[in-house]
Structures are given as structure tokens and as C-alpha cells.
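Below is one structure, written out as C-alpha cells; comments come after it.
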Amino acid sequence: MSLVGTAPDPSGRILMINGSPSRVSKTAAVVRVLAERLAAAGAAVDIVSVRDFPAEELAFGNAESPAIRRFLEFVALSRAIVVATPIYKASYTGVLKALLDTIPPGSFANKTVLPLATAGTLAHYLALDYALRPVLTFLGARDILPNLFLTDGSFQDALMPVFDDAIEERIGALVRALLAAVASDSLQALK
Ligand SMILES: Cc1cc2nc3c(=O)[nH]c(=O)nc-3n(C[C@H](O)[C@H](O)[C@H](O)COP(=O)(O)O)c2cc1C
């Protein structure tokens, strides 16, 4: 788990979950772009990848796993969560499902959640809606932002993505929505 932001306010953290098992990952690149923009605006951002967990602990949903316990602490602490995945076989990745399966029902209540996908083509554009959103709802999420769905064609480079104006505008709007969620929570904490 790597800490990108440094702001100390624990009530306003944003957790970004990267569900790609790939070492060089477009999903990771988009997560990084979002994290940098959120951190630059003052948000405290944490990034976790499915690659951070010992495979066996994840595969068997080992509740005693220190890595999974720490992950669940981050989930509990965060005000907003980005769930990012490449599309695999018309759905999100199996390893992301294994990670989501470790989260107790209701854990996403009172959190703003952004579903994000990268994919080879637009063919499975609805996968986030039919596959991921029901899981997020089961986890208690009621404030789910519009999906961010990026095809491989929108990347000029997997490590350093350069997006066109329309995608930049969309990312900007979603970053603002996440910041607004965190700010409203910080205001609540002051009351
Ligand atoms: C096993 C596998 C299955 C895939 N299945 C699909 C699919 O069903 N639909 C699609 O649009 N892209 C599919 N893709 C392409 C990936 O979603 C796409 O390349 C994505 O950007 C990869 O993200 P990553 O670099 O973060 O792993 C698949 C890729 C892999 C490796």
C-alpha cells in the first residue's frame, strides 16, 4: 500500500483500489493520474493494488492475513473509494472479486464510490453497470459516481497516459466530485 498524499485529516481519505494483476498496467496509470490530481488539491490518497497481497491469502480470503486486515482498516478510514479494474472476459477481474469478497457487507455505506475501468474496446462498456455496481451496492454504497471507462485507444502510452480533451474534462469533473465528497465530510467533522 503506497501513500501518495500527506494530508493528516483521517476523515477525508480517498482509497484507490487497482484490480489489475498486470505489472505494467493501464489501470494503474489512470489510478496514478487521478491520485496525483487529488493529492495536488490537498486530498489524502492511498493506493492499493491486488498485487500487494500474497496470492494465497487473497485466493482463500484469509481473514487473519495482515495485508487484508490493513486493507480493511484503510477501507473503514476512507471517505471515498475508487474501484478500478481492467475488463476481463466481459467483467471485472477475478482477483479484484477475491479482494472485494474480503470486505464485510455495508462497509461502503456513507462513502462516495467511483467505478473505473480500462478495456480493449467499448464492447463491454456496460460491464461496470451489470457486474461491479451490484457488488458496490451490496457493500452499502449509495453514492456511486458515473463510471469512468477508458479504452486502450485513449492511451498514448501505458505508463504515462495522455488523454484527449473530452477525457480530460471527464476526469476533471470526477476529481472535483471526489474532492467535494471529502470536503463535505471534513465540514461535518468540524460541526
Ligand atoms: C485475460 C484478459 C481478458 C480481457 N478481456 C477483455 C474483454 O472482455 N473486453 C475488453 O474490452 N477488453 C478485454 N481485455 C483487454 C483489457 O481490458 C485492456 O487491455 C486493459 O486496458 C488492460 O488493463 P491493465 O493494463 O491495467 O491490465 C482483456 C485482457 C486480458 C489480459
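Arranged by the count of other C-beta atoms within 10 angstrom, fewest first, what order do Arg176, Arg51 take?
Arg176, Arg51
Shown is the FRET efficiency for Tyr125 and Leu72, computed with R0 = 41 Å from the Cβ-Cβ distance and rounded to the nearest 0.05: 0.85. R0 = 45 Å: FRET efficiency of Phe163 with Phe60, Cβ-based, nearest 0.05? Calculated transfer efficiency: 0.75.
Beta bridges assigned by DSSP with both partners in the chain are antiparallel in approximately 10 percent of cases. With no solvent and one equal point scatterer per Cα, compute the Debye intensity ratio I(q)/I(0) for the range 1-146 at 0.09, 0.12, 0.21 Å⁻¹ and report its log10, rounded to two decimals. Values, matching the q order: -0.24, -0.44, -1.48. Cβ-to-Cβ counts within 10 Å put Asp152, Asp52, Asp157, Asp46 in ascending order as Asp157, Asp152, Asp52, Asp46, the fewest first. Projecting the Cα atoms of Val31, Thr137, Leu100 onto the dipole axis of the chain, where Lys and Arg carry +1 and Asp and Glu carry -1 at the beta carbon, places Thr137 farthest toward the positive end. For the chain, a Gaussian network of Cα nodes joined below 10 Å ranks Phe60, Phe149, Phe163 by mean-square fluctuation, and the top entry is Phe60.
Here's the list of aspartates and glutamates a cross-link from Lys89 could span, going by alpha-carbon distance under 16 Å and ignoring same-chain residues fewer than 8 apart: Asp129, Asp152. For the chain, the dipole from Cβ point charges (+1 on Lys and Arg, -1 on Asp and Glu) about the Cα centre works out to 260 debye, to the nearest 20. Our helix-only sum for the chain, with -39,500 (n - 2.57) per DSSP H run of n ≥ 4 divided by its residues, gives a mean residue ellipticity at 222 nm of -11500 deg cm²/dmol.
Read the figures in this text as sums done on the coordinates, not as results from a lab. Keep in mind that this is a model prediction, so the values were computed, not measured. Ideal geometry is used to build each Cβ from the backbone, glycine not excepted, and the neighbour counts take in all protein chains shown.
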